[in-house]
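Accompanying notes for the structure given below.
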Amino acid sequence: MKKLLLSVLVAFAVVSCSNDSNEESLDAINNDGLQLAAARKCHANENYEKMLLNPAFQQKVLEIEEQTQRFTNEFLSKKKPAGVGGGNGGGGDDTTPPADNIGVINIPVYVHVIYSNANENISDAQINSQISVLNADFRKSNSDAAQVPSEFAGLASDTEIQFNLVGVTRKSSTRTSWGTNDAMKSAANGGVDVVDPATAMNIWVCNIGGGILGYAQFPGGSASTDGIVVGPQYFGATGYLSAPFDEGRTATHEVGHYLNLRHIWGDGRCNRDDFVSDTPTSDRANYGCPSYPTTNCRSTDMTMNYMDYVDDSCMYMFSTGQKARMRSLFASGGVRASLNN
Ligand code: ARG
Ligand code: ZN
Ligand code: CA
């Protein structure tokens, strides 16, 4: 069991860059980037592959995955008790959503804006608009939630995770693009140091370059680089923005990774998994704004999921299984439990 899981994880990372014959980008477990150009290159970071060779890191990833499986199985087999959101209590019925005893999770957030011109020094209003989008998307109060097709409507979930802005750092720099090697996360390299990642989520806003919208570090990685990075013109829903990535969904997607979600297609062909049971398998990312239904691997793709690669206006749900996967990090002993406050 342990062996099997580990080999799946290792295969996932190793194949992620040499990819099954096409040019499609595959980002690593703890890092990703999206190119706007038609031909995508692999942004899998070398760090991740190096990290996976480290037995201590392997062990950490395994532990997280085991805790996740335990929690998820339990979560999905339970329903809300009587009186909470309706339903008939105890074992519940098909109409009551699953529940745990964690309650609504509150994550404090620090935003570090590193800018080389006035546009990149985004306004407080733009930062606040991003926090609002995160809260809407993770609480399923996004106005486009109603667009989820009936095939998936029962799976679209309020994750009961929310975000609270506690601080903004601004730093001027002559550097115009930062890449994906985490330099922006270190004052010694001209960036801004992480604020205690055990108690807050860090978001660096700076130009990454190469058409990359954002990237994230998965749970289990180094504390000094923990958090997400988003380009200023893809951050928030008002201000200095670039369509079609101007509705704040890059951060929603990257926070999904930060909370251990994989891409909806599992970064591989039909037999590759995202470790979420209610998201249909696919053999590719979807781009632009796909028409419904889009069928791959003999099932309808959940193209409107935040963890696909579609335009901001065409992604509007997390599934129940993704909710369970994220929330498992906050259960007793979970790697992100100390964030909840
Ligand atoms: N860096 C992310 C990725 O490539 C960006 C995806 C965000 N998509 C979006 N529509 N904003 O995984
Ligand atoms: Zn991604
Ligand atoms: Ca799945």
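The values are calculated or read from the model by the stated rules, or taken from the named source; none is laboratory data. Predicted model, so just to flag it, every value in this text is computed and none were measured. Glycine also receives a Cβ, built like all others from the backbone with ideal geometry; neighbour counts cover every protein chain displayed.
Couple of notes before you dig in:
- Pair list, Cβ < 9 Å and 6+ apart or interchain, from the range 196-212 residues that are farther than 18 Å from S338 by Cβ to residues that are surrounded by fewer than 15 Cβ atoms within 10 Å (Cβ to Cβ) and at pLDDT 95 or above: C206/S177; N207/T176; N207/S177; I208/S177; G209/T176; G209/S177; G210/S177
- Number of residues in the range 139-172 that are over 24 Å from R325 (Cα atoms) and out of contact with any helix residue (DSSP H, G or I) (no Cβ under 9 Å at 6 or more places or on another chain): the value is 5.
- Matching residues, the range 107-134, being of a type in the set (S, T, N, Q) and either assigned to a helix (DSSP H, G or I) or within 23 Å of the chain's Cα centre (by Cα) (or both): Q126, N128, S129, Q130, S132
- Looking across the range 263-287, the residues that are more than 11 Å from ligand 1 (Cβ to nearest atom) and polar (S, T, N, Q) come down to N271, S277, T279, T281, S282.
- Scan of the range 256-280 for residues that are among the aliphatic types (A, V, I, L, M) and within 11 Å of ligand 2 (Cβ to nearest atom), ordered by number: L261, I264
For every residue, the table says whether it meets (1) without any contact (Cβ under 8 Å) to a residue 40 or more places away in the chain; (2) closer than 30 Å to V335 by Cα; (3) surrounded by fewer than 20 Cβ atoms within 10 Å (Cβ to Cβ).
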position	(1), (2), (3)
I114	no, yes, no
A125	no, no, yes
L134	no, yes, no
N164	no, yes, yes
S173	no, no, yes
S186	yes, yes, yes
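- Single condition G210 does not satisfy, out of (1) assigned to a helix (DSSP H, G or I); (2) on the phi > 0 side of the Ramachandran plot: (1)
- Between T303, T295, the distinction of being within 16 Å of ligand 3 (Cβ to nearest atom), free of Cβ contacts under 8 Å to residues at least 60 places away in the same chain and surrounded by fewer than 16 Cβ atoms within 10 Å (Cβ to Cβ) belongs to T295 only.
- Residue within the range 246-262 that is modelled with pLDDT of 95 or more, more than 12 Å from ligand 1 (Cβ to nearest atom) and charged (D, E, K, R) present: no
- Selection count where residues are of a type outside the set (F, W, Y), away from ligand 3 (no atom under 16 Å from the Cβ), surrounded by 22 or more Cβ atoms within 10 Å (Cβ to Cβ) and not in a loop (DSSP other than H, G, I, E, B), scope the range 229-269: 10
- Taken together, S282, S224, S277, S291 contain a single residue that is small (G, A, S), farther than 20 Å from Q126 by Cβ and outside any loop (DSSP other than H, G, I, E, B), which is S224.
- Filter result (assigned to a loop (DSSP other than H, G, I, E, B) and of a type in the set (A, V, I, L, M, F, W, C)) within the range 135-152: V148
- Candidate set: the range 271-292, residues that are hydrophobic (A, V, I, L, M, F, W, C) and buried (at least 16 other Cβ atoms within 10 Å of the Cβ); chosen: the one farthest from ligand 3 (Cβ to nearest atom): A285
- Residue selected from the range 281-314 under the condition under 30 Å from W204 (Cβ atoms) and of a type in the set (A, V, I, L, M, F, W, C), by the criterion farthest from ligand 2 (Cβ to nearest atom): C289
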